[in-house]
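The values are calculated or read from the model by the stated rules, or taken from the named source; none is laboratory data. As the structure is a prediction and not an experimental result, all values here were calculated from the model. Here Cβ is always computed from backbone atoms with ideal geometry, including for glycine, and neighbour counts include all displayed protein chains.
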Amino acid sequence: MRTKIIFFFMFGIICLYTSCIQSFTPEVEKYEELLVVDGGITDAPGPYTIKLSKSTRTQELSKFIPYPGCKVVVEDDIGNEVIFYEHARGIYQTDSSAMKGIPGRKYKLHISTPDGEDYESVEETLLKPIAIQSVYAELQHKSHPDLLYGRDGYQFYLDAETPPTANNFLLWSLQCTYKFRTDFQIDAYYANGRRNQVDNPDTLRTCYRTLDIVDIFILNTNMQNTQDIKHVALNYEDNYTKALSIRYSLKVQQYAINEAAFNYWNTIKKLRDMQGDLYTQQPYQAKNNLTNLKHPEKQALGFFTVAGYTEKRIFVNPPGIADHYDICTITGEPIKHLDDKLKLRPDLWPFFLVDPAQYKGDFWVDQDCMDCRRTGTLKKPDFWID
């Protein structure tokens, strides 16, 4: 008898190499632990990653429950097989030279779990990639329900080559990296009962931060008047964070997918968009391409994606508009009894101090205001261009 699940919804952008997924579920009365599949192959060089996990209850959405000990194999239509080895719990990956997807070839995923379940995907054809012509930013003002005067920032767009045939479906995954500086430098630190001067106070002030843009960007060229792929709106980055304060980079990964994959992600996008008002329509589960061979009534979640792949990265400088992000400020009196404060707040170690020229004495501000490593990394990315 089929157990009714009162809906597990999975939304996000498949990152075929970094595997980033966000999940969303309404509250459930009955719950069944299901296999969640995330990953696929492209015509880009490997390694390829398949991420297997177990579905979670609503209150555990941020918790990744790995599904270890599975046998994961991808087979093509001429009998070639490649094994995905478990590199970490629930993370299965090919060797870098084990395979490379070929446009026109068909691929199928096989999964055998330790508890005896066998899953198989629909055989999917790897489509030819569509070249990205350009990614660019336009300065735009947008209204916002919580901001009286709205917000300003960059709206990013994409142009791609016009496909030679109709019926084209695209999925985009975005990742941004930006350079930023903290509001204060570390002038001194307190340790072992004494104040220690910092010789290079600017050392921990400039960092780089990389974030996956968790949104769903898809296109069906049949839903527009032309097959041209022009001025496709991607993410919007406003001036309420430090993302645009120094230099910003956007990496666009483009996947040429089939109609079934488009329908799956389009359903997930609709579910995501309505989550603020979940019960405006009856929830439903996105149709995927995975089947349990022994127990067809036992569902699997996710989608095995086979796609033609292209990518492009751009850099932009600050838009030259006023920033509206929060700035750290110094309040209160200079610190005189550091030992007493540290006894009350042992979580403050290391205890960094700022001694601004316009003040007399040491002040403590939140570490996020002085140590950029709290939200970023000091190491400049290999791809970075100043």
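Hand me the list of strands (runs of 3 or more DSSP E) wholly inside segment 67-139 holding 1 or more residues that are within 23 Å of the chain's Cα centre (by Cα). Let's see the steps before the verdict.
Working: elements: 71-76, 81-88, 91-93, 106-112, 118-121.
Fully inside segment 67-139 and qualifying: 81-88, 91-93.
Identify the residue in segment 244-271 that is farther than 20 Å from Tyr136 by Cβ and among the basic types (Lys, Arg) and, among all such residues, is farthest from the chain's Cα centre (by Cα).
Lys270
Which count do you get for residues in segment 370-386 that are touching a residue at least 12 places away in the same chain (Cβ under 8 Å), over 18 Å from Asn317 (Cβ atoms) and not acidic (Asp, Glu)?
Step one: list which residues in segment 370-386 are touching a residue at least 12 places away in the same chain (Cβ under 8 Å), which gives 370-373, 375-381, 383-386.
If we keep only those that are over 18 Å from Asn317 (Cβ atoms) too, we end up with 370-373, 375-379.
Subset that is not acidic (Asp, Glu): 370, 372-373, 375-379.
Going through segment 370-386 one residue at a time, the tally reaches 8.
Residue-wise test of (1) under 27 Å from Asp371 (Cα atoms); (2) outside any strand (DSSP E or B); (3) over 28 Å from the mean Cα position of the chain (by Cα).
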position: Pro164; (1), (2), (3): no, yes, yes
position: Leu170; (1), (2), (3): no, no, no
position: Tyr178; (1), (2), (3): yes, no, no
position: Asp199; (1), (2), (3): yes, yes, yes
position: Thr203; (1), (2), (3): yes, yes, yes
position: Asp215; (1), (2), (3): no, no, no
position: Ile218; (1), (2), (3): no, no, no
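Give the number of residues within segment 259-293 that are in contact with a Phe, Trp or Tyr (Cβ under 9 Å, 6 or more places away or on another chain), among the charged types (D, E, K, R) and either assigned to a helix (DSSP H, G or I) or modelled with pLDDT of 95 or more (or both).
3
Scan segment 201-231 for residues that are β-branched (Val, Ile, Thr) and surrounded by fewer than 17 Cβ atoms within 10 Å (Cβ to Cβ) and jot them down.
Looking only at segment 201-231, we keep the residues that are β-branched (Val, Ile, Thr), and these are 203, 206, 210, 213-214, 216, 218, 221, 226, 229.
The answer is Thr203, Thr206, Thr210, Val214, Thr226.
Starting from residues that are farther than 25 Å from Asn258 by Cα and at pLDDT below 95, keep the ones in segment 88-106 and report whichever is surrounded by the fewest Cβ atoms within 10 Å (Cβ to Cβ).
Ranking the candidates gives Ser97 first.
Hey, does segment 134-148 have a residue that's touching a Cys at 6+ places or on another chain (Cβ under 8 Å), touching a residue at least 24 places away in the same chain (Cβ under 8 Å) and buried (at least 18 other Cβ atoms within 10 Å of the Cβ)? Outline the logic, then answer.
Going residue by residue through segment 134-148, those that are touching a Cys at 6+ places or on another chain (Cβ under 8 Å) are none.
Looking through segment 134-148, none of the residues is touching a Cys at 6+ places or on another chain (Cβ under 8 Å), touching a residue at least 24 places away in the same chain (Cβ under 8 Å) and buried (at least 18 other Cβ atoms within 10 Å of the Cβ).
If you go through segment 14-53 one residue at a time, how many are outside any loop (DSSP other than H, G, I, E, B) and at pLDDT 90 or above? First the steps, then the outcome.
Going residue by residue through segment 14-53, those that are outside any loop (DSSP other than H, G, I, E, B) are 22-24, 35-42, 49-53.
If we keep only those that are at pLDDT 90 or above as well, we get 35-42, 49-53.
The number of residues fulfilling the criteria is 13.
Restricting attention to segment 227-249, report how many residues are aliphatic (A, V, I, L, M) and in a strand (DSSP E or B).
Let us first name the residues in segment 227-249 that are aliphatic (A, V, I, L, M), namely 229, 232-234, 243-244, 246.
Checking the rest, the ones that are also in a strand (DSSP E or B) come to 229, 232-234.
The number of residues fulfilling the criteria is 4.
Out of (1) under 19 Å from Ala261 (Cβ atoms); (2) surrounded by 18 or more Cβ atoms within 10 Å (Cβ to Cβ); (3) free of Cβ contacts under 8 Å to residues at least 60 places away in the same chain, the odd one out for Tyr119 is which?
Here Tyr119 meets the rest and fails (3).
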